[in-house]
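Scroll down for the structure; my scribbles are underneath it.
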Amino acid sequence: MPIIICPHCGTRRNTPPEKLPRKATRAHCPHCNKTFIFDPASARHEVSVKTTVQPVTCPHCGLPREIPKVRQADRRATVSCRRCRGAFRIEQGQTGSASTTQVADPRQLTGISELLTDSWELFCQRGWGLLTTGLLTSLLIFTPLLLATLLLPKFLVDNRSLLRIYLLFGVGYSLLGSAWIFASMFSHVCNRQLGVIAALAQGRRQLWKFAGLLLLLGLIVTGGSLLLIIPGVIFIVWFSFCQFILAEEGISGRAALEKSRQLVEGYWWQIFGRFLLLLLIILAISTLTARLPVIGTLLNVTGSLLLIPFSLFYCFLLYQDLKRCRQPSAPAPPSGQWLPLMTALFGWTLIPALLFFVNHQQNITTTGFTTASSAVSASLFTSEQDARFDPREEQIPRRQLPSPEPLTTADYDRLLSQQHLTAPQQGVNLGPATLSAEHFWSDRREPHLWLKLQLAELPNLALAHRRSTRIRIDKVLDVESNNRYNPEHSFENSAFQWIDILSDDSSTDGYSGIRNVYLKQGTRPEQIRSISGRLELHLPLGIKTLRLSRSDIGKSRQVAGKRFTLETLSKHGIALSFRGKRSDLLSIRAINQQAEPLREAGITWQRTGDTISLKQMFSGNIDTVTLLVASDSVTRSYPFEIIP
């Protein structure tokens, strides 16, 4: 098919033979808006037309361009580079070389609009080759890693040492694979003569240099970012061209970092502004494509892949522009070459220092402060001048948990029938317990009231002080017999119906606790006429003990008809699993090496099918733990109705 070529800008257009004019006529180029005389006789031979285009590369910035030979005729042609505004001469018959006449503003960076335009032009010419290089390298590297991740864990579940070796190998393999990807892509960018396969081979030859560069760059940037982020941002701009320098010159990683810093020196803010603009463009495209319905995800992924080569060409042209602005004869400034390394080293040493300080502060527990305060008060308010305190004093609650007693159902019924407590005002007597409405919270959105429980001291009841007593609410009626109780509230699920009967340490005879009852919005205290529900006491039977140490980690032990598996036993916590009811595990007691009991610091648990997984934390260094397990339990229910 005949080709029409504009003699001014080189734009080519395929035209069917039947649409060509019969004689020479004036034509208009839609690209450069210029007119020229077109002779149809010159367009009928496609081969001859193609040979009239000459590829030329700008000697200042490296921008490739095709110049029609019609412009050169029998003289030397002067061409102005659209990107760097530098002028150079092209002799007829020259292929790719040029002689320089002058360069406009040699120390001024190219404008942002020209930079974006040239990046897009370079992307259209070479973007698919660069993208193919990156995708092919990623496929070759990460396909074996993905297969190993899917298949090997089945054989590594029971072998932790082999699993650690596999993880270390995976990290090293990923680092080397990433280095190969970067080396191949940057080699393809810097050398336009390399094809995809040649770029992969060149990247393999520079693999270890890029791996060292990436490792060193990551350590420096991360170390600087640990110092309130700002040094990390400075380092990112300084060392943003080290990969191009390494791909072009093949020098060491540290030398590439230093040369990139010297290249950016004096242009930091201009480079930062151009990088910031590129980041905003990427974020804008990603946000807009992600919001599109149906095809938004596909467009987002495609756009992200295409933005990778565009960003590399953008940075490459900026790198070429910086090289043009630098005078080759100017000596490199020697100062500051160790500043990034020293700053990163300081940032990395700051983290262990902070962790040591925080850990040291946490070791000074609240109990230690309380003990010291008591000793100071004693020395101030007593006549003895030699008041002393022992910082190793037992750091546990004053009230000790009782020992389990072997009781039967008949024993519990006999003890419960013998207990009779005096009911307070606005309260009811339930035999071994009393309930009273203590306080109303007039919260506009979440009104609720307190029910105070006073419980007689019964054997084994306090062994599971958080799972032995429950108050279920049925109704909270107002004067019009409307139910004001809000069972849909998040604090009214079954977990919050249990009462911690050891929460009141001031009680000397029996136990006490508080139950929050949440009401519907708009409820006022004068509206409440009655509160009805039932009190449940869960009394353990057949209590057994099981002592565990670190030698039992990963083992299963059976006690009271239940099988317990100790998952972990760390310095401050224990994790175990078992099958059964949550109420079967009464309590977990821990002691240190001095056989001193430790205070509980928190507990979490979840049920998966028939298995319960539980984690218990303690405020101290654990030596051994003892489980109190009930083989069964008996429940006694006491209905009540309180009239405030």
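The values are calculated or read from the model by the stated rules, or taken from the named source; none is laboratory data. Here the structure is a predicted model, which means the values were calculated and not measured. Using ideal geometry, Cβ is built from the backbone for each residue, glycine included, and neighbour counts are taken over all protein chains shown. Note: areas computed on protein heavy atoms with side chains; ligands, DNA, RNA excluded. Shrake-Rupley method; radii C 1.70, N 1.55, O 1.52, S 1.80 Å.
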Filter the stretch 589-611 for residues that are of a type outside the set (D, E), within 34 Å of the chain's Cα centre (by Cα) and in a strand (DSSP E or B) and give the result.
A601, G602, I603, T604, W605, Q606, R607, T608, T611
Between residues in the stretch 609-627 that are within 12 Å of R599 (Cβ to Cβ) and at pLDDT 90 or above and residues that are part of a strand (DSSP E or B) and open to solvent by 40 Å² or more (accessible area, probe 1.4 Å), which pairs lie under 6 Å by C-beta distance while being six or more apart or on different chains?
Q616/I603; M617/A601; F618/A601
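On the given criteria, is R563 touching a residue at least 40 places away in the same chain (Cβ under 8 Å) and of a type outside the set (S, T, Y)?
On the way: touching a residue at least 40 places away in the same chain (Cβ under 8 Å): no; of a type outside the set (S, T, Y): yes.
When the stated conditions are applied, R563 does not pass them.
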The correct count of residues that are open to solvent by 10 Å² or more (accessible area, probe 1.4 Å), modelled with pLDDT of 90 or more and within 30 Å of L585 (Cβ to Cβ) in the stretch 463-484 is 4
So, of the residues in the stretch 560-577 that are open to solvent by less than 20 Å² (accessible area, probe 1.4 Å) and either in contact with a helix residue (DSSP H, G or I) (Cβ under 8 Å, 6 or more places away or on another chain) or modelled with pLDDT under 90 (or both), which turns out to be nearest to Q616 (Cα to Cα)?
L569
Kindly indicate whether A353 is under 23 Å from G232 (Cβ atoms), modelled with pLDDT under 85 and surrounded by fewer than 11 Cβ atoms within 10 Å (Cβ to Cβ).
yes
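So which residues in the stretch 121-136 are aliphatic (A, V, I, L, M) and open to solvent by 30 Å² or more (accessible area, probe 1.4 Å)?
L135, L136 - these are the residues of the stretch 121-136 that are aliphatic (A, V, I, L, M) and open to solvent by 30 Å² or more (accessible area, probe 1.4 Å).
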Test set (1) more than 30 Å from Y267 (Cβ to Cβ); (2) modelled with pLDDT of 85 or more; (3) open to solvent by less than 70 Å² (accessible area, probe 1.4 Å) - L139 fails condition number
(3)
Pick from the stretch 326-349 the residues that are loosely packed, with under 11 Cβ neighbours inside 10 Å and part of a loop (DSSP other than H, G, I, E, B): which of them is modelled with the lowest pLDDT?
S329
Got a sec? Which of R204, R192 is free of Cβ contacts under 8 Å to residues at least 60 places away in the same chain and over 30 Å from L355 (Cα atoms)?
R204
Checking G542, G602, G554 in turn, the sole residue that is on the phi > 0 side of the Ramachandran plot, out of contact with any Lys or Arg (no Cβ under 6 Å at 6 or more places or on another chain) and touching a residue at least 40 places away in the same chain (Cβ under 8 Å) turns out to be G542
Residues of the stretch 207-237 being of a type in the set (S, T, Y) and open to solvent by 50 Å² or more (accessible area, probe 1.4 Å), which ones?
T222
Every residue from the stretch 238-258 that is surrounded by 18 or more Cβ atoms within 10 Å (Cβ to Cβ) and within 28 Å of T349 (Cα to Cα):
W238, F239, S240, F241, C242, Q243, G253, A256, L257, E258
Out of (1) under 30 Å from L628 (Cβ atoms); (2) touching a strand residue (DSSP E or B) at 6+ places or on another chain (Cβ under 6 Å); (3) open to solvent by 10 Å² or more (accessible area, probe 1.4 Å), the one L455 does not meet is (3)
For the subset of the stretch 578-618 comprising residues that are more than 20 Å from S403 (Cβ to Cβ) and among the β-branched types (V, I, T), which member is least open to solvent (accessible area, probe 1.4 Å)?
I612
When you check A183 against the structure, is it in contact with a Lys or Arg (Cβ under 9 Å, 6 or more places away or on another chain), assigned to a helix (DSSP H, G or I), under 22 Å from L145 (Cβ atoms) and open to solvent by less than 20 Å² (accessible area, probe 1.4 Å), yes or no?
yes
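Taking the conditions exactly as written (in contact (Cβ under 8 Å) with a residue 24 or more places away in the chain, in contact with a Cys (Cβ under 6 Å, 6 or more places away or on another chain) and on the phi < 0 side of the Ramachandran plot), does E265 satisfy them or not?
no
Return yes or no: is Q262 open to solvent by 30 Å² or more (accessible area, probe 1.4 Å), under 25 Å from Q125 (Cβ atoms) and assigned to a helix (DSSP H, G or I)?
no
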Any residue at all in the stretch 199-206 that is touching a Leu at 6+ places or on another chain (Cβ under 8 Å), at pLDDT 80 or above, surrounded by 15 or more Cβ atoms within 10 Å (Cβ to Cβ) and over 30 Å from W338 (Cβ atoms)?
yes
Looking only at the stretch 437-452, how many residues end up being touching a strand residue (DSSP E or B) at 6+ places or on another chain (Cβ under 7 Å) and either surrounded by 15 or more Cβ atoms within 10 Å (Cβ to Cβ) or in contact (Cβ under 8 Å) with a residue 12 or more places away in the chain (or both)?
10
Given (1) more than 30 Å from D610 (Cβ to Cβ); (2) open to solvent by less than 80 Å² (accessible area, probe 1.4 Å); (3) modelled with pLDDT of 90 or more, where does I553 come up short, assuming only one miss?
(1)
